[in-house]
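Enquirer: First the structure, then my questions, so here it is.
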Amino acid sequence: MGSPLSNRRRLLQNNGPMPRDFLLGVKPQYDVVVIGSGLAGMTAANVLGRAGYSVLLLEQHYKLGGMATWFKRPGGHIFDVSLHGFPYGMIKSCRRYWTSEIADSIVQLRNIRFDNPMFSLTTTYNRDDFTRLLVEKFQISPGAVGAFFETARGMNFYDDQRLTTGELFERFFPGREDVVRLLMEPIVYANGSTLEDPAITYGIVFSNFMSKGVFTFSGGTDRLVELMRKALIANGVDIRIKADVTAIEVGREGVRGVVVNGRLIGARAVVSNANLRSTVLRLVGEQHFDRDFVEQTRAVRLNNSSTQVYIGLKDNDFVEESTGDLLFSSTADHFRTDLLLSRSVTSRTYSFYYPRTRPQGRPRCLIVSSTNAQFSDWMNLSEQDYQASKQDLIETTLDHLDRYVPDIRQRLDHVEASTPRTFQHYTCHVEGASFGTKFEGLAVSRSLPEQIRGLYHAGSVGIIMSGWLGAINYGVIVANDVDGLLSRAAIATTGAASGEHA
Ligand SMILES: Cc1cc2nc3c(=O)[nH]c(=O)nc-3n(C[C@H](O)[C@H](O)[C@H](O)COP(=O)(O)OP(=O)(O)OC[C@H]3O[C@@H](n4cnc5c(N)ncnc54)[C@H](O)[C@@H]3O)c2cc1C
């Protein structure tokens, strides 16, 4: 006979500790189940919870936020993964659909820098400053600049989608590769679009930024997501992490619920914030859709992924703020979108995080270098080659960064890299796509409820509905669709009930 403690230890060794039930106390049925806590999923859940529906939000990771995420490292470093910049429209969307505290924490980034073999400049990245630069520095006539801005601003979803971004530029700035670089480089970074994509995907996103410039969230992604979590709870949303949805159940009348951690939970509507292709092909299963729809889904192209290098400086080492907030840097002589995706990196976007990024935290300077990347370049490497490639990415980035932050190797306290494999691992996004799908994804996403009653998708699609603002706005649009369905059903029930009594 051993002591009670050693008996207990033996018991744990034999059976292991009881696994924690992350669904403890969950109800058997909700009005709405939201799969995934990316910005679109959380926003849809918040709007529906606030409208009085019972909402269950299920997230497979141990953290909320999806791509809107952060991680901590020893020494007080907190790295933001996708907080680099978003348009002014975030303030309005956050005030309406989240809280004033969130909206009031959105601040402008004033120093946007470009440095490449064609030009070097600093701008506030809005229409006035771009007009000045295009006229004075690039010698474009004010008439052409004005006409370009008006055309971009007037673009909408119903426009002719055959015009490509490349053709749009050629129409206004024929033969001007330098101008195209200035206009296009940040948007390629912001949503992975290319010169071959429909011009509206460029025009809408570019005009959003040009209205007032580039904005960020004061306090960092961790503060934002915590404020969102509190708002969700205040609105009665039941939030569960480590809740992996493996199937969406469909019956003759439409969606019935989801299978999560092996348990069936009923729902009148399901909003999937998971990747569009995996929602249709894996979670629901193609047998439940029309054949044409399945083909259309298969044909949806994914957007590219990213690599990042995260660098934390030593305590009390601060970068001069004139270095910029965002720096679009390239060593390539020419601007070509395929070069921006190539493994031999020539373009990097640096985000500089000064102590003001997290006024509540330890004063720290951090730098994140981001480059668009292809999953295929990283997927089949052996573990050894993968680690070597990551190290190479770190070394070449530090070599390059040294021109902007001298002696960076001596000044850094922490450095590490992420790849398309990292993004796939944490968010389950097919091929680690940073911005969901290409443009054709939008039509598939929007027509899901026509295929299966009560089934919706809200998440980065079609370039327009991606990024922080696009994802939040798409969450609102889909929440309104769900509200329409559920309130129509409620009216029908009330009508039928009052008919019975009459
Ligand atoms: C490196 C990088 C930099 C970026 N920079 C910017 C930027 O500067 N500005 C900007 O506006 N945007 C940026 N973005 C893009 C932006 O972060 C995304 O477009 C946006 O956050 C995506 O939100 P979403 O709602 O589509 O969902 P996602 O963030 O993709 O979240 C989906 C969620 O669903 C969960 N999930 C998936 N499957 C399941 C399942 N079966 N069960 C339960 N949960 C599931 C995932 O775990 C995840 O939490 C960047 C992205 C990356 C990767």
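Enquirer: Give the peptides 485-493, 444-452 in descending order of average Cβ contacts within 10 Å, highest first. Mind showing how you got there, number by number?
Expert: Numbers: 485-493: 12.8, 444-452: 19.3.
Descending packing order for the listed peptides: 444-452, 485-493.
Enquirer: Taking the chain as the reference, fit the longest principal axis to its C-alpha atoms, fit the long axis of helix 142-153 to the helix C-alpha atoms, and give the angle between the two in degrees, 0 to 90, nearest 10.
Expert: 10 degrees
Enquirer: Could you please state, rounded to a whole Å, how far the C-alpha centre of region 261-336 is from the C-alpha centre of region 14-46?
Expert: A separation of 21 Å, based on Cα centres.
Enquirer: So in the chain, what percent of DSSP beta bridges are antiparallel if you round to the nearest 5? Show your work: numbers first, answer last.
Expert: Numbers: 50 of 70 bridges.
In the chain, DSSP labels about 70 percent of beta bridges as antiparallel.
Enquirer: Then there is this: Got the relative contact order for the chain handy, in percent, Cα pairs under 8 Å and 6 or more residues apart? Present the calculation step by step, with values, prior to reporting the outcome.
Expert: On the way: 934 pairs, mean separation 108.1, N = 502.
Relative contact order, the chain: 22 percent.
Enquirer: Further question on the same structure: Please order 155, 379 by the number of other Cβ within 10 Å, starting at the fewest. Numbers along the way, then the final one.
Expert: Working: 155 20, 379 14.
Neighbour counts put them in this order, fewest first: 379, 155.
Enquirer: Here is a follow-up. With label points built 7 Å along Cα→Cβ from the Cα atoms of residue 382 and residue 241, find their separation and express it in nm.
Expert: Output for this residue pair reads 3.7 nm.
Enquirer: Now a separate question. Within 10 Å of each residue's Cβ, count the other Cβ atoms and sort 238, 402, 292 from fewest upward.
Expert: Numbers: 238 19, 402 12, 292 8.
So the ranking, lowest neighbour count to highest, is 292, 402, 238.
Enquirer: Here's a follow-up. Would you mind calculating the relative contact order of region 126-212 from Cα pairs under 8 angstrom and at least 6 residues apart, reporting the percent as a whole number? Write out the running numbers ahead of the final one.
Expert: On the way: 74 pairs, mean separation 36.4, N = 87.
Computed value for region 126-212: 42 percent relative contact order.
Enquirer: Got a sec? How would 329, 322, 460 order by Cβ neighbour count within 10 Å, fewest to most? Before the final figure, lay out each step's value.
Expert: Values: 329 21, 322 8, 460 32.
Ordered by Cβ neighbours within 10 Å, fewest first: 322, 329, 460.
Enquirer: Moving to a separate point now. At residue 71 and residue 100, where each label point lies 7 Å from the Cα along Cα→Cβ, what is the point-to-point distance in nanometres?
Expert: Inter-label distance under the simple model: 3.8 nm.
Enquirer: By its C-alpha gyration tensor, with a ≥ b ≥ c as the square roots of the eigenvalues, how is the chain shaped: rounded for a/c under 1.5, else prolate for a/b larger than b/c, else oblate?
Expert: Values: a/c = 1.82, a/b = 1.26, b/c = 1.44.
The shape class here is oblate.
Enquirer: Here's another thing I want to ask about it. Shape verdict for region 33-107, please, from the Cα gyration tensor: rounded (a/c under 1.5), prolate (a/b greater than b/c) or oblate.
Expert: Numbers: a/c = 2.41, a/b = 1.24, b/c = 1.94.
Verdict is oblate for region 33-107.
Enquirer: Additional query: Going by alpha carbons, how many degrees (0 to 90, nearest 10) lie between the helix axis of 383-401 and the longest principal axis of the chain?
Expert: The answer is roughly 40 degrees.
Enquirer: Now a separate question. Enter the angle in degrees (range 0 to 90, nearest 10) between the Cα long axis of helix 199-212 and the first principal axis of the Cα atoms of the chain, meaning the one along which they spread out most.
Expert: Around 80 degrees separate the two axes.
Taken together, the values in this text are just the output of simple stated rules run on the coordinates, not laboratory data. None of the values given here were measured: they were computed from a predicted structure. When we count neighbours, we look across all protein chains shown, and the Cβ atoms used for this are built from the backbone with ideal geometry, even at glycine.
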